[in-house]
Amino acid sequence: MTAPDVSTPVQPTQDTPTLQQLLDRITDPGGRPVPDPATGEVVGHVAQGSATDVDDAVARARAAQPAWAARPDAERVELLQRAADAVEAAAESLAELLSREQGKPLNGPNARFEVGACAAWLRATAATELPVETVVDDADEHAELHYRPVGVVGAIGPWNWPMMITIWQVAPALRMGNTVVVKPSEYTPLSVLALTAVLNEVLPANVLGAVAGDGEVGARLSGHPDVDKVMFTGSTATGQAIIRSSADTVKRLTLELGGNDAGIVLPDVDPQAIAQDLFWGAFINTGQTCAALKRLYVHTDVYDEVCAALVEVARAMPMGRGLEEQNVLGPLQNRAQYDIVARLVDAARDGGGTILIGGDPDPDAPGNFYPTTLVADIDDENALVAEEQFGPALPIIRFRDVDQAVAMANRLDVGLGASVWSSDRDAARDLAARLEAGTVWINKHGGVHPMIPFGGHKRSGYGLEFGVEGLKAVAVPQVISG
Ligand code: NDP
């Protein structure tokens, strides 16, 4: 992610709410306790919504939509800019809440970065234009393509980047004149409720609603007859459930379903020069990122040097509680994800992989911390390669010829991102064209940009987010001809 400047924390202003003030606005003392994954302490209590709450929220959004769509576009632009101001004013408290609930550290490409990205995406979405297109204009015909609001958008999100992904779903939908009902992950509801509360300081009533709750709430939203479009980021299995539940109403869908991204390192690289970028491509958000590098294929000529350089970088990256300023890696967000990572690293070890660093969690330590783990000499068929680990464990696979690497990279049924690492840009671009992934980065991995479309191939989903294409995705095309 390139947009926000994360080098310095946002300075509090006079209007900055404290974390306690934010929590007071969104928590319900009688609700479900939400734990801090680093300590097990309770961050706050969240009200559990029901199907009836979804119906009410959708009804309010439906009622508010015509007036919101009828506003001049310039007013929606202005409100998105003011929403970005509000996020920036609350940035430090939002980052602290995000760090406590999600686990990610304040520093590095983590909590402050994520809140900064929320403001940056709001501003970029406000600045993006989707003009009427004249598609035919001759003596016989004048045809224009307009983009109208879809109506009510349901936004269902995951727990890894809860604030940023909410903004990715909400900002374009609002810009195009839709109203939105958000359903956060059960693991990170407070972050999303706090963010929507901040946005609602400036938005008109009922344009943006949120209902926290379990999968039943998500299922109700995604099958709701009065929801016209669902924006979903999460697992492929839930994406498939949403496709099924959308069928009766022919709901429009944007599905971002994660992946198992491959990176291919060609023999002409300088291992030292690329090691830091390789590391963050894989370990951003402690590996809990849909478009993180999850399988690293390295040419045999540079294999040992790349492994050694990665170990050196990994050793230098502190992992610990997010609120401690020195840390740049945190815990797994939840125990289920910890168990997936632990199982896959065990499978790698059992399969003969060499653990270069990590792989030795302390069973008595508090929190869901799994150490940064690099596994070499691993077979491409091993479960740590074939399954999405979604955590801090990277398999490094040796290859001898490029065709073999391409075949391995393309062999899975997902294809969100991929990367090619080479000092020859043209050769890297040629290789990129052979990879089955929605985005192929060259000499970097996972950097998203608010103006560059982002979406998946194969079972990583369909539909595009960001930029002009992202606006089109939350609109209905209408041709006016004659
Ligand atoms: P899920 O796909 O289960 O959850 C994502 C969201 O969908 C949550 O808000 C969830 O609600 C909601 N949901 C659950 N069931 C339904 C349903 N039937 N209809 C509509 N919405 C529903 O992801 P998990 O959090 O369980 O993570 C599982 C795996 O998914 C991870 O191990 C990882 O591999 C992948 N993942 C990918 C992400 C990505 O960025 N693409 C992000 C997170 C996970 P609730 O939380 O209440 O169940």
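The values are calculated or read from the model by the stated rules, or taken from the named source; none is laboratory data. On a predicted model such as this, the values are computed, not experimentally measured, just so you know. Neighbour counts are summed over all protein chains in view; Cβ atoms, including those assigned to glycine, are modelled from backbone coordinates with ideal geometry. To get the accessible areas, we keep the full protein, side chains included, count just its heavy atoms, and leave off ligands, DNA and RNA. Shrake-Rupley method; radii C 1.70, N 1.55, O 1.52, S 1.80 Å.
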Reported to the nearest 10 Å², I355 has, with a 1.4 Å probe, an accessible area equal to 50 Å²
As an exercise, find the ratio Rg/Rh for the chain from alpha-carbon atoms, using the Kirkwood inverse-distance average for Rh. 0.98
Helix-only CD estimate at 222 nm, as mean residue ellipticity for the chain, using -39500 (n - 2.57) per DSSP H run (n ≥ 4): -12000 deg cm²/dmol
Could you tell me what percent of the accessible area of region 261-442 is made up of carbon and sulfur, with a 1.4 Å probe and every protein chain present? 46 percent
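Assuming R0 = 30 Å, can you tell me the calculated FRET efficiency for the pair E305 and D214, based on Cβ-Cβ distance, to the nearest 0.05? Intermediate values should be presented prior to the final figure.
Values: r = 48 Å, r/R0 = 1.60.
For E305 and D214, the calculated efficiency is 0.05.
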Restricting attention to the alpha-carbon atoms of region 96-224, what are Rg (one decimal) and Dmax (integer), both in Å? 17.7, 64
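Looking at region 368-454, which GluC sites (Glu not before Pro) are DSSP coil and have at most 16 other C-beta atoms within 10 Å of their C-beta?
On the way: sites: E381, E387, E388, E436; in loops: E381, E387, E388, E436.
Answer in residue order: E381, E387.
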Proximal lysines relative to K104, as straight alpha-carbon distance under 29 Å, when same-chain residues fewer than 8 apart are discounted: K183, K294, K444
Starting from the Cα of K458, draw a straight line to each of the aspartates and glutamates and keep only those under 14 Å, dropping any in the same chain fewer than 8 residues away. E256, D261, D413, E436
What GluC sites (Glu not before Pro) does region 124-156 have in DSSP loop regions with at most 14 other beta carbons within 10 Å? E129, E141
Using amide H atoms built in the peptide plane, which far-off residues or other-chain residues are under 5 Å from S423 H to H? D268, V269
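Counting every Cα pair in region 261-442, what percent are over 20 Å apart? Each step should come with its number before you reach the end.
On the way: 8155 of 16471 pairs.
Tail of the P(r) past 20 Å holds 50 percent of the pairs.
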Tell me, in nm to one decimal, what length is gained between A205 and E325 on full extension, where the rule is 0.36 nm per residue of separation less the Cα-Cα distance? 39.5 nm
Additional length obtainable on full extension of the chain from D364 to E129, 0.36 nm per residue less Cα span: 79.2 nm
The answer for H142, listing residues at least 5 apart or on another chain whose modeled amide H is closer than 5 Å to its amide H, is G482
How about region 227-269: which trypsin sites (Lys or Arg not before Pro) there lie in a loop by DSSP and see at most 11 other Cβ atoms within 10 Å? none
Normalised by the residues of the chain, what does the relative contact order come to in percent, with Cα pairs under 8 Å and at least six apart? 19 percent
Which FRET efficiency value, to the nearest 0.05, is calculated for V42 and D339 with the Förster distance at 22 angstrom and r the Cβ-Cβ distance? 0.50
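Please label the shape of region 392-451 as rounded, prolate or oblate, based on the square roots a ≥ b ≥ c of the eigenvalues of the alpha-carbon gyration tensor (a/c under 1.5 means rounded; beyond that, a/b larger than b/c means prolate, else oblate).
rounded
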Residues of region 444-482 with amide N under 14 Å of a point placed 7 Å along Cα→Cβ from D140: 482
Probe 1.4 Å, all chains present, heavy atoms only: L208 accessible area in Å², nearest 10, is 10 Å²
Estimated FRET transfer efficiency when R0 is 30 angstrom, pair A59-A386 (beta carbons, to 0.05): 0.10
In Å², what does the accessible area per residue of the chain work out to with a 1.4 Å probe? 38 Å²
